[in-house]
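Engineer: I'd like to ask you about the structure that follows.
The numbers here are math on the coordinates, done by the rules we state, and not lab data. Computed from a predicted model, the values in this text were never measured in an experiment. Ideal geometry is used to build each Cβ from the backbone, glycine not excepted, and the neighbour counts take in all protein chains shown.
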Amino acid sequence: MKSDIADNLAGPDTQRIYKKRSQLEGIWIRYKRNKLSMFGLILFILMAVAALLSLFLVDYEAVIHQDMSIIFQSPSGEHLFGTDHFGRDIFSRILWGAKISMFIGLASVLMSLTVGTTVGAIAGYYGGKVDEISMRIMDVVLAVPETLLAICIVAALGNSMTNILLAISVSQVPKMARMVRSTVLTIKNVEYIEAARSCGTSNARIILRHILPNSIGPIVVNAMLTISRAILQVASLSFIGLGISPPAPEWGNMLSEAKPYIRDYPYLLVAPSIAIIMTVSCLTLVGDGIQSALDPKLRD
């Protein structure tokens, strides 16, 4: 009774804040029920914290410093993952490579999410020629496999950090745009959107305040999966020599450098391989957990 009176006395802005807070709390409660997703989230947070701490605890000059007197040392207390063919500590290089891979993954997804959401929302809402032209352009880009398109862009522009970000972002835009468009098509003709139109609400406000907030579930899930694909792409580009150039440590070029020594020193490939697998697996688990928490059909 008291809570009802307090809700009635509260203003519309306060009630809206309470409603959003209760919705977020409900999503978090449902997410916590998924033990695998919680494990993936905790492990990914630990990896992200370790990558951030590497900025302060690991000196870049020490990461690329070559000491030929300690080459090919097996994992030990002094060098947790051993040393490579230049005497560089693999553990510190894995930490530094995590920062590079995660930064490229997050930055490229933010870029592709911004462009893809804009294109998909406009195409799905307006339809007609706008939808037709936009989707045909996306189809042309989708006709080329993601990794092959990224290889072509990097090969043409050069393998700098900016070009790698651009290549991965462009390759991810079509899927993001098509996903947002399909979500907008299912929402744009529901009752509350028609009510907003009848009240004279502008199209931009309808898209930003009514359609996109109700499409946030699929967008977030797709973004998490896109981050994992972006990390795999940058590792693939580095492995074939079109990504981050040595001596800068990146998981893909660490695998490429260790390839000639796979028979005699297999531990050189174990650490970067596990780092890639763990990161991608954690992001996939987090995405599945978010999808289960947001989708009413999967809540049980």
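Engineer: Taking the dipole about the Cα centre of the chain, with the C-beta of Lys and Arg at +1 and of Asp and Glu at -1, give me whichever of 271, 223, 196 is farthest to the positive side.
Structural biologist: 196
Engineer: If you don't mind, there's one more thing I want to ask. Taking only Cα atoms and a 10 Å spring cutoff, compute GNM fluctuations for the chain and point out the largest among 233, 172, 66.
Structural biologist: It is 66.
Engineer: Got the relative contact order for the stretch 237-300 handy, in percent, Cα pairs under 8 Å and 6 or more residues apart?
Structural biologist: Averaging sequence separation for qualifying contacts and normalising by length gives 20 percent for the stretch 237-300.
Engineer: What share of Cα pairs, in percent, lie more than 15 angstrom apart in the stretch 218-300?
Structural biologist: Beyond 15 Å sits 63 percent of the P(r) for the stretch 218-300.
Engineer: Note the direction-averaged projected area, equal to a quarter of the hull surface, for the Cα convex hull of the stretch 150-300, in nm².
Structural biologist: 12.2 nm²
Engineer: Count the lysine pairs in the chain whose Cα atoms lie under 23 Å apart, taking only pairs 8 or more positions apart in sequence or on different chains.
Structural biologist: For the chain, qualifying lysine pairs total 15.
Engineer: Which of 282, 152, 199 ends up with the largest GNM mean-square fluctuation for the chain, with Cα atoms connected below 10 Å?
Structural biologist: Per the Cα network of the chain with a 10 Å cutoff, 199 tops the list.
Engineer: Run the numbers on the chain and let me know its relative contact order in percent, using alpha-carbon pairs under 8 Å that are six or more apart.
Structural biologist: In percent, rounded to a whole number, it is 24.
Engineer: Mind pulling up the Rg/Rh value for the stretch 28-166? Radius of gyration and Kirkwood radius, both on Cα.
Structural biologist: 1.12
Engineer: Next question. Give me the base-10 log of I(q)/I(0) for the stretch 198-266 at each q in 0.21, 0.22 Å⁻¹, Debye formula, one uniform scatterer per Cα, rounded to two decimals.
Structural biologist: The computed values of log10 I(q)/I(0) come out as -0.87, -0.90.
Engineer: Along the charge dipole of the chain, pointing to its positive end and built from +1/-1 on Cβ of Lys, Arg, Asp and Glu, which listed residue (236, 102, 177) has its Cα farthest out?
Structural biologist: Among 236, 102, 177, the one farthest towards the positive end of the dipole of the chain is 177.
Engineer: Using all C-alpha to C-alpha distances in the chain, build P(r) with 20 Å bins and read off the rounded percent in each one.
Structural biologist: In order of increasing distance, the bins hold 28, 49, 21, 3 percent.
Engineer: Just in the stretch 118-184: which trypsin sites (Lys or Arg not before Pro) are loop by DSSP and have at most 12 other Cβ atoms within 10 Å?
Structural biologist: Listed in order of number, the matching sites amount to none.
Engineer: If I stretch the segment between residue 143 and residue 33 completely, what's the gain in nm (0.36 nm per residue apart, minus their alpha carbon distance), one decimal?
Structural biologist: Length gained between residue 143 and residue 33: 35.7 nm.
Engineer: Would you please give the FRET efficiency between residue 61 and residue 114, computed as 1/(1 + (r/R0)^6) with r the Cβ-Cβ distance and R0 = 30 Å, to the nearest 0.05?
Structural biologist: Working from the Cβ atoms, E equals 0.25.
Engineer: Report the charge-dipole magnitude of the chain in Debye, nearest 20, computed about the Cα centre from +1 at each Lys and Arg Cβ and -1 at each Asp and Glu Cβ. The partial results should precede the final answer.
Structural biologist: Values: 26 positive and 22 negative charges, 234 e Å.
Roughly 1120 debye for the chain.
Engineer: Picking from 147, 279, 201, which is most flexible by a Gaussian network model of the chain using Cα springs under 10 Å?
Structural biologist: Of 147, 279, 201, the Gaussian network model singles out 201 as fluctuating most.
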